[in-house]
Every structure is written in C-alpha cells, then in structure tokens.
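Single-structure report; data block below.
The values are calculated or read from the model by the stated rules, or taken from the named source; none is laboratory data. Keep in mind the model is a prediction, meaning the values are calculated, not measured. Heads up, the Cβs are rebuilt from the backbone with ideal geometry, glycines too, and the neighbour counts pull from every protein chain shown.
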Amino acid sequence: MSDEDAPDHPLCALCERPILPCTPQSLHHLVPKLRGGKGGPVVLVHQICHNEIHASASEAELARLWNTPESLRTHPRLAKFVKWVRKRPADFHSRTPGARRGWKRRAP
C-alpha cells in the first residue's frame, strides 16, 4: 500500500508518513517517563521511528533538548533517518542498527 492510498490514517509525529493499522506503532513520551514525563504529552510514531529516537539520544537529552516533534526532526541523526525513511512505504519496518545510546553492553 502506498502513502497516497492512506489519506485517513494518522501521521507519524517524526517522519510524517501515514501510520497504517497493520504497521508496528508506539506512543512516544515527549519527556521520558523517567525524567518526569509520566502523564505528559505523547505522540504516535511508527515503531521504527520510536526505536531510532531512543537509539539517537539519551533519556536526559530527550527531556532537555529533543522534547518536541519539531526538535526531534532537527537532531542530526534523526534528520538523516527521516530523509531516508520517507522514501519507504508507510508500512515499512526493519531493525534499528546499533545499540541504544548510553546503554552499556555486557562483556562477552
């Protein structure tokens, strides 16, 4: 299904593509719950977009610097991601490369 076939579907707050019913989706807290955002504003995003948001910035950075959809789209890594993902179908999903930023990996 192309983006043009989905005029009545909500738009992702990050990439602004339609969110189709069959597409993995998530609610993103603009201020992370761990940083005082519990009960605060949330936006609907594709799961792939949500994964990329949390892979790009720490919880503290999200709370302090990247707490609106507009500011998220100006983040250097997310701006590059949005440019790339907008070329994909509305129902596109794949794994997000790399570990979440700020998370320590266990030693093998």
Practice item. Tell me which residues, restricted to the range 32-49, are β-branched (V, I, T), under 9 Å from the mean Cα position of the chain (by Cα) and assigned to a strand (DSSP E or B). Key: V45
Point to revise | Checklist (1) in contact (Cβ under 8 Å) with a residue 24 or more places away in the chain; (2) surrounded by fewer than 20 Cβ atoms within 10 Å (Cβ to Cβ); (3) in a helix (DSSP H, G or I); (4) among the charged types (D, E, K, R) applied to E52, failing item | key: (2)
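Give the number of residues within the range 1-16 that are out of contact with any Cys (no Cβ under 9 Å at 6 or more places or on another chain), at pLDDT 90 or above and in a loop (DSSP other than H, G, I, E, B). Break it down stepwise before answering.
The initial filter retains those residues of the range 1-16 that are out of contact with any Cys (no Cβ under 9 Å at 6 or more places or on another chain), namely 2-11, 16.
Right, trim to at pLDDT 90 or above and you get 9-11, 16.
Those still in the list that are in a loop (DSSP other than H, G, I, E, B) too: 9-10, 16.
Number satisfying all stated conditions: 3.
Within the range 13-28, can you find the residues that are surrounded by 20 or more Cβ atoms within 10 Å (Cβ to Cβ) and within 23 Å of A60 (Cα to Cα)? Break it down into steps so the answer makes sense when it comes.
Initial filter on the range 13-28 (surrounded by 20 or more Cβ atoms within 10 Å (Cβ to Cβ)): 13-15, 17-19, 23, 28.
Within the range 13-28, A13, L14, C15, H28 meet the criteria.
Only residues that are of a type outside the set (G, A, S) and either crowded, with 17+ Cβ neighbours inside 10 Å or modelled with pLDDT of 95 or more (or both): list them for the range 29-41, please. If you could, list the steps in order and put the result at the bottom.
Start the filter on the range 29-41 by keeping residues that are of a type outside the set (G, A, S), which leaves 29-35, 38, 41.
Selection gives H29, L30, V31, P32, R35.
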Point to revise | Hits in the range 15-74 - residues which are within 13 Å of V85 (Cβ to Cβ) and acidic (D, E) | key: E16, E52
